[in-house]
Amino acid sequence: MRFPNVFAIFAIEMVEFLEKIERLKGLLGGENKRVAIVTHTNPDGDAIGSSLAWAKIVGSLGHEVSVLVPNRYPSFLDWMSGIESVIIAKESPELAVEKINSADLIFVMDLNKIDRLDAMSEHLLASSAPRVLIDHHLMPPDDYDLQFSYPQDCSTAYVTYKIIEAVAGVDAISVEMAENLYAGIMTDTGNFAFSYITPELMRAVAGLLERGLEIPKVYNAVYNSYSASRVKLLGYSLGRKMEILHNGKAAYISLTEKEMRRHNFQLGDSEGFVNYPLTIAGMKMSALFIETRKFIRVSLRSRGDEVDVNIFARRYFGGGGHKNAAGGKSFLSIDETIEYFKKSVAEFFAEIGL
Ligand code: 5GP
Ligand code: MN
């Protein structure tokens, strides 16, 4: 009997996934292992949510777990269960290095390039502990002993849900873990507005609801908890700082350190700003430039298939990410960065015929 190819692909993926789960179970066997869970610089809801949920499962298997981040997470994640024990490498460098150096097993969450771990990268690469990747970014490198890399999945939190389901069963998910995972899924999908929304994802969310998740609680904690100065900075950014290019097909917002100081800027305040220009009809790509002491942080977003910002970020800003959401850095001044961006957009859009 001949099966349609789609089933064959699915079956192969399933077999591969289950093989990996067996290897993961092997790594998680034994007791009292020291396990480090690390995630990327400027950790977002998905990085933190997936790491905290995974830490709870690994801890429940009898291991000593630490969650490590290069720098501080935004305050809209303060409510998350387990966040108080996260080790911030920039603030406690010795402790972070000690946790990595002494780890028997390392999980890397929500990133593909290890250099997104900043100062932790070299210690991680020097460690001989098995290294496991749990992620949904495109083009992961090969330097992992075991790799759960699913670029077709909306978030690392969703990948983590599937791994937990396979390793420990859905019943192992506590309300707190359900909130951690849902926060990751919700923030990385823009509250279920972006690509990669599938029936399977919604069934996973149903699974989280069955474990006691309250969706409005998580939504309000993340999206309705801004400071007045953040909302005013958004108004300023859109009203005064948004520039539209290329016949309304591209836009950018830039914020200098001075402007942010004037608006009492707190870490995470500019999160989401880059999405607003995409609410304009016909807009294909949006960029946000945030000035920091060392470089300009570049955030890029697009909608649909025409503009692949992962490629754009890699080519022009030494970064990467996903087709519709990517980022990178610029070491030029803010004005030079904007000029460079305009030239890059002209070149890129000409190439793709926009
Ligand atoms: P954001 O704009 O929210 O900072 O980042 C969006 C996505 O772009 C992230 O999920 C991440 O995949 C990717 N990204 C952001 N900055 C960088 C970077 O400097 N390097 C790489 N490789 N990816 C980045
Ligand atoms: Mn993510």
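The values are calculated or read from the model by the stated rules, or taken from the named source; none is laboratory data. What you see is a predicted model, and the numbers here were worked out from it, not measured in a lab. Note that we place each Cβ from the backbone using ideal geometry, even for glycine, and neighbour counts take in every protein chain shown.
Brief remarks follow.
- Pairs where the first residue, in the range 266-288, is away from ligand 2 (no atom under 16 Å from the Cβ) and the second is assigned to a loop (DSSP other than H, G, I, E, B), C-beta under 6 Å, 6+ apart: Leu267/Arg72; Leu267/Pro74; Pro277/Met283; Leu278/Arg303; Lys284/Lys249; Lys284/Glu306; Lys284/Val307; Met285/Val307
- Pick from the range 150-177, criterion of a type in the set (Asp, Glu) and either farther than 15 Å from Ala206 by Cβ or crowded, with 24+ Cβ neighbours inside 10 Å (or both), ranking: farthest from ligand 1 (Cβ to nearest atom): Glu176
- Verdict on Ala36 being in a helix (DSSP H, G or I), crowded, with 22+ Cβ neighbours inside 10 Å and either away from ligand 2 (no atom under 15 Å from the Cβ) or modelled with pLDDT of 95 or more (or both): no
- For Tyr252, the stated conditions do not hold, so it cannot be described as closer than 25 Å to Ser302 by Cβ, in contact (Cβ under 8 Å) with a residue 40 or more places away in the chain and either assigned by TED's automatic domain parsing to the domain that holds Asp78 or in a loop (DSSP other than H, G, I, E, B) (or both).
- Identity of the residue in the range 90-124, touching a Leu at 6+ places or on another chain (Cβ under 8 Å) and among the β-branched types (Val, Ile, Thr), that ends up nearest to ligand 2 (Cβ to nearest atom): Val108
- Arg301 being touching a residue at least 12 places away in the same chain (Cβ under 8 Å), farther than 18 Å from Ala47 by Cα, within 16 Å of ligand 2 (Cβ to nearest atom) and out of contact with any Gly (no Cβ under 8 Å at 6 or more places or on another chain): yes
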